[in-house]
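Every number here is computed from the coordinates shown, using simple stated rules; none is lab data. On a predicted model such as this, the values are computed, not experimentally measured, just so you know. Note: ideal-geometry Cβ built from the backbone for every residue, glycine included; neighbour counts use all protein chains shown.
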Amino acid sequence: MATDRKKRVPLGVQRLKMAMKDRPGFKRRWVNDKGDRLSQAMEGGYNLVARDGAEFTEEDVANRNDSLNNAICKPVNSGELKAYLMEIPTALYNADQKIKADSINGTEDGLRRGADAHGQPGTDGRYIPREGIKIA
């Protein structure tokens with residue numbers, strides 16, 4: 001058996017269509033070039049990944065690039081829309097995830113108390129059991 005053969009993936013096994021390996025110290029994601037999404041990502045700390053800075057896990061992606069800073073891109077749904085590979089330092093990524101988690105936790109805490117966009121329980125006739133609302 002040849003040792004230089006590509007890793008065998010059984011037929012019918014789910015595959016990630018746009019998989020890329022993260023660079024140590026960075027998190028990567030694909031961002032669609034729709035509206036001002038690329039500029040929003042850049043304002044949030046993301047940078048385009050250049051072809052020479054990527055390790056490909058999919059040959060199709062390795063064969064595509066764009067003139068935009070030699071950035072890695074891929075057509076989305078065989079249309080005009082392109083997705084660009086972008087990365088952000090892990091520290092910034094983790095800080096962003098904490099902000100998202102804090103927001104979700106705040107919403108869930110409000111739901112447990114019966115609070116929502118209309119106010120606290122008791123002010124609008126809602127009934128909250130003495131033991132509170134349980135979210136499983």
Point-to-point label distance, Q40-S78, nm (Cα→Cβ direction, 7 Å offset): 2.8
Cβ-derived FRET efficiency at R0 25 Å, K134 paired with N94, nearest 0.05: 0.25
Inter-label distance, nm, simple model (7 Å from Cα along the C-beta direction), V9/L111: 3.5
